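Structure in structure tokens, see below.
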Amino acid sequence: MKRSIRYFLAYLLVLCMIVAVLQLPTATISAKSTKATLTYEFTGEDASTPGYAEGAIRLKSTTDGDYYLYWANDNKALSGYYEISKLSIKKGKIGTFTFEYHTAIPADATKVIAVEASKAKDNVKVKDAVAVYTLPKNKLIGFKSTQALYSFSSYSDIHIDEEKYGETPAYWWMHSEQHWAQALQYSADKKVDFIVSSGDQVTNAKLGNLETEWKAYQYILSDSDYVNPIWESGGNHEVRIDGAVAEELKSYVANTGLDSTPDTLNSGKSYYTMTEPTTGDVFIFMSLEGGYRPAQYDEFTDKQLDWLEEVLAENYGKGKNIYLIQHALISRYGAGDDTENPYYSGSINPDLPSAKRFVSIIEKHPDIVWISGHTHEAYQLGYNYSNNAGTSCNMIHNSSVGNPTHISSTGNALDYAFNEDLSQGYYVETFENAIIFNGANVCEQKIYPAYSYIISGNTKQVSTGATAEFTWVDTDVTPAMLNSALANVKTMLGIEYRYSSYDQYQTLKKCYYNYKDSNTKEMTASNRKMVYSMITSYIKSLQAIIKVVPR
């Protein structure tokens with residue numbers, strides 16, 4: 001009996017030891033792990049804050065070698081991202097890459113992996129890495145990219161400037177039309193809910209060609225697969241010709257997101273707001289009203305600044321994100337400018353009265369996100385995010401869709417050399433607790449890990465969004481009737497492409513894209529009736545806008 005008890009106790013002890021071992025944290029170690037060791041030291045005021053990448057990644061190698069670092073999930077490097085860095089390391093030495101202030105950990109990342117250069121490729125497997133660092137759970141934002149409340153593209157300085165689309169060379173921006181088409185394709189592929197642009201949609205190379213430039217801008221949009229809204233702010237090229245500012249602003253109002261309703265069109269104002277429907281987040285679109293030279297002119301009227309203060313007083317501090325889309329940065333003030341050696345001399349003069357008032361307004365509202373453009377500076381220059389050491393709002397600076405710029409060989413100016421394969425913008429994901437601005441090259445549809453930024457967010461979903469209203473028809477709809485209606489929509493979209501920045505045009509286009517390849521004979525009678533009703537209603541809405549501003 002005693003022996004049985006001893007056997008039982010011994011068995012129980014072994015079982016407890018097995019359970020204890022199974023509950024210990026585990027790490028996968030492969031034979032390759034002897035080649036390199038990967039560590040990540042988070043630094044700065046947000047070292048323990050979820051989503052903030054600031055810190056140093058160090059790779060120690062036991063052999064001479066070239067390695068690539070990637071963000072990865074549990075299986076492979078993240079799709080649609082460039083490598084974090086390439087490190088060339090001597091035997092026994094350490095290579096280091098440092099993420100800067102407010103850079104972001106991607107929502108889908110769980111690891112950093114190091115891969116030998118010979119095996120580096122898109123979507124490389126974690127199992128092929130020579131070293132793996134698993135991100136601590138407290139550094140993950142807690143949401144996957146599929147759980148974003150909404151997403152949008154943030155672009156700037158598109159600079160369409162052709163006399164006639166596709167027939168004459170550009171005055172200034174050689175690849176602007178191609179890059180605009182690529183930016184729209186990237187937005188369509190990322191399935192963003194909308195696009196915001198920080199100004200200079202056109203170049204206004206000659207006042208006589210301004211409307212033709214807008215037509216080219218809209219034709220490229222209509223010819224793309226992108227079907228959601230676009231909202232634009234007014235830049236200095238929208239008012240490039242001195243002495244014609246009123247006429248130019250009128251053209252801007254008629255050709256951009258302001259043309260969404262007869263009320264905004266008839267108001268004549270070049271500034272407006274848009275409310276994101278699922279969260280109530282507010283987007284404020286300003287415009288430059290003084291003229292082409294921000295360094296010399298008071299760009300904001302008292303009326304516009306009064307309006308800005310009213311919008312902020314109504315919405316600030318009420319549990320939603322507020323974005324300010326305004327083209328030109330303030331000289332030596334935050335994102336987009338090198339405060340010690342500014343390479344761009346065309347920024348807003350901070351001594352102008354309207355500039356002083358604008359700065360005082362944003363400094364009273366530190367939680368807003370100001371998105372600017374104007375300089376074209378490529379993300380690689382590093383002037384992309386600032387909050388002026390916590391004294392101002394969050395400032396994100398866009399590069400250019402039309403043509404990003406770099407520092408010239410002299411080191412004191414910007415180089416405007418054309419690059420067919422470089423066009424930059426942000427793919428933005430909004431979560432309850434964070435906003436991630438993913439800096440991307442839209443030509444190659446890839447995100448730069450080093451030029452992606454995180455800002456603390458404060459919002460939540462309040463609705464699932466609404467389908468555009470439509471009126472049901474009273475009659476039954478045959479397959480032939482619906483096929484005919486779809487054919488009519490295709491024709492109308494081609495004819496009315498000049499209205500493609502309107503919500504109504506994009507709503508009709510989205511409906512057409514959803515059903516253009518449908519087998520109408522196999523659709524239920526109810527579905528045919530619904531689609532036909534939607535099409536006829538959306539056509540009427542577009543025609544109502546066309547009557548307000550006939551072309």
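The values are calculated or read from the model by the stated rules, or taken from the named source; none is laboratory data. Here the structure is a predicted model, which means the values were calculated and not measured. Note that each Cβ is placed from the backbone with ideal geometry, even for glycine, and that neighbours are counted across all protein chains shown. Note: areas computed on protein heavy atoms with side chains; ligands, DNA, RNA excluded. Shrake-Rupley method; radii C 1.70, N 1.55, O 1.52, S 1.80 Å.
Relative to the Cα centre, what is the charge dipole magnitude of the chain, using +1 at the beta carbon of each Lys and Arg, -1 at the beta carbon of each Asp and Glu, and rounding to the nearest 20 debye? Walk me through the intermediate numbers first.
Numbers: 49 positive and 63 negative charges, 650 e Å.
With only Lys, Arg, Asp and Glu charged at Cβ, the dipole is about 3120 debye.
Please say if region 171-299 is rounded, prolate or oblate, where rounded means a/c under 1.5 for a ≥ b ≥ c the square roots of the C-alpha gyration tensor eigenvalues, and otherwise the choice is prolate for a/b larger than b/c and oblate otherwise? Write down the numbers at each step before the final one.
On the way: a/c = 1.82, a/b = 1.20, b/c = 1.51.
Judged from the Cα gyration tensor, region 171-299 comes out oblate (a/c at least 1.5, b/c at or above a/b).
Within region 99-218, what is the number of lysine pairs with alpha carbons under 18 Å apart, leaving out pairs fewer than eight places apart on the same chain?
Close lysine pairs found across region 99-218: 13.
Here's something else I'd like to know. Just need the relative contact order of the chain here, percent rounded to a whole number, with Cα pairs under 8 Å and 6+ apart. Don't jump to the answer; show the numbers that get you there.
Working: 1195 pairs, mean separation 76.5, N = 551.
Once normalised by length, the contact order is 14 percent.
Whole angstrom only: what separates the Cα centroid of region 169-206 from the Cα centroid of region 68-94?
31 Å
Rounded to the nearest 5, what is the percent of antiparallel bridges among the DSSP beta bridges in region 302-408?
Numbers: 2 of 11 bridges.
Counting only bridges with both partners in region 302-408, antiparallel ones make up about 20 percent.
Using Cα-Cα distances under 8 Å and only pairs 6 or more residues apart, what relative contact order does region 117-251 have, in percent?
This gives 25 percent for region 117-251.
Pop out the carbon and sulfur fraction of the accessible area of region 493-551 as a percent, whole number, probe 1.4 Å. Intermediate values should be presented prior to the final figure.
Working: 1390 of 2890 Å².
C and S fraction of accessible area: 48 percent.
Per residue, how big is the convex hull around the C-alpha atoms of region 471-542? Give it to me in cubic angstrom, could you?
On the way: hull volume 5.3 nm³, N = 72.
In region 471-542, the Cα hull volume divided by residue count equals 73 Å³.
Taking amide H atoms as placed 1.01 Å from N in the peptide plane, list the residues 5 or more away in sequence, or in a different chain, whose amide H sits under 5 Å from that of residue 384.
336
Determine the principal axes of the Cα atoms in region 400-505, then give the extent along each, sorted from largest to smallest and rounded to whole angstroms.
Here the spans come out as 71, 37, 21 Å, largest first.
Here's another thing I want to ask about it. With every protein chain kept in place and ligands, DNA and RNA left out, what is the accessible area per residue of region 419-551? Probe 1.4 Å, answer in Å².
On the way: 6300 Å² over 133 residues.
Counting only protein heavy atoms, the per-residue value for region 419-551 is 47 Å².
Would you work out if region 105-166 is rounded, prolate or oblate? Take a ≥ b ≥ c from the square roots of the eigenvalues of the alpha-carbon gyration tensor; rounded if a/c is under 1.5, else prolate when a/b is larger than b/c, oblate otherwise. Provide the component values of the computation, followed by the final result.
Values: a/c = 3.92, a/b = 1.65, b/c = 2.37.
Verdict is oblate for region 105-166.
So what's Rg/Rh here for region 49-135, counting alpha carbon atoms and using the Kirkwood radius for Rh?
Working: Rg = 12.3 Å, Rh = 13.0 Å.
Rg/Rh: 0.95.
Moving on. Based on alpha-carbon positions alone, could you give the equivalent ellipsoid semi-axes of region 41-186 from the gyration tensor, as √(5λ), descending, whole Å?
Taking √(5λ) for each eigenvalue gives 35, 21, 15 Å, largest first.
Put +1 on the Cβ of every Lys and Arg and -1 on every Asp and Glu Cβ in the chain; which of 266, 422, 38 then has its Cα farthest towards the positive end of the dipole?
My answer, from the dipole projection, is 38.
Scaled to the compact-protein estimate 2.2 N^0.38 Å, what is the alpha-carbon radius of gyration of the chain, rounded to two decimal places?
Normalised Cα radius of gyration, the chain: 1.11.
Follow-up question, since we're still on this one. Using only the alpha-carbon atoms, what does region 343-478 span along each of its principal axes? Please give whole angstrom values in decreasing order.
Extents along the principal axes, in whole Å: 71, 41, 30.
In addition: Kindly write out, for region 90-97 in residue order, the coupling ³J(HN,Hα) from the Karplus curve 6.51 cos²θ - 1.76 cosθ + 1.60 (θ = phi - 60°), rounded to whole Hz, with x marking Gly and Pro.
Karplus values, whole Hz, x for Gly and Pro: 7, 3, x, 9, 10, x, 10, 10.
According to the square roots a ≥ b ≥ c of the eigenvalues of the Cα gyration tensor, what is the shape class of region 247-371, taking rounded for a/c under 1.5, prolate for a/b larger than b/c otherwise, and oblate for the remainder? Could the numbers behind the result be given before it?
Working: a/c = 1.92, a/b = 1.23, b/c = 1.56.
It is oblate, given that a/c is not under 1.5 and a/b is not larger than b/c.
Could you tell me which of 346, 379, 369 has its Cα farthest along the dipole of region 279-430 towards the positive end, charges placed at Cβ (Lys, Arg +1; Asp, Glu -1), taken about the Cα centre?
369
Let me ask something additional. Work out the charge dipole of region 423-480 with +1 on the Cβ of Lys and Arg and -1 on the Cβ of Asp and Glu about the Cα centre, then indicate which of 434, 472, 451 is farthest towards its positive end.
451
Could I ask something else about it? Percent relative contact order of region 397-551, based on C-alpha pairs within less than 8 angstrom and at least six residues apart? Provide the component values of the computation, followed by the final result.
Details: 175 pairs, mean separation 25.5, N = 155.
This gives 16 percent for region 397-551.
Another question about this same structure. For region 371-447, what does the equivalent ellipsoid look like in terms of its semi-axes, each the square root of 5 times an eigenvalue of the Cα gyration tensor, given largest first in whole Å? Could you put the intermediate results ahead of the total?
Details: eigenvalues 112, 62, 13 Å².
Semi-axes, largest first: 24, 18, 8 Å.
Counting only protein chains, not ligands or nucleic acids, how are 286, 492 ordered by accessible area (probe 1.4 Å), most first? Intermediate results must be reported in sequence, preceding the final value.
Details: 286 0, 492 25 Å².
Descending accessible area places them as 492, 286.
Quick check for me: using +1 on Lys/Arg Cβ and -1 on Asp/Glu Cβ, what's the dipole size of region 230-343 about its Cα centre, in debye to the nearest 20? If you can, show how the numbers build up before the last one.
Working: 8 positive and 20 negative charges, 27 e Å.
Charge dipole, region 230-343, about its Cα centre: 120 debye, nearest 20.
I've got another one for you. Of all beta bridges DSSP finds with both residues in the chain, what is the antiparallel percent, to the nearest 5? Show your work: numbers first, answer last.
Values: 59 of 82 bridges.
Of the beta bridges lying entirely in the chain, close to 70 percent run antiparallel.
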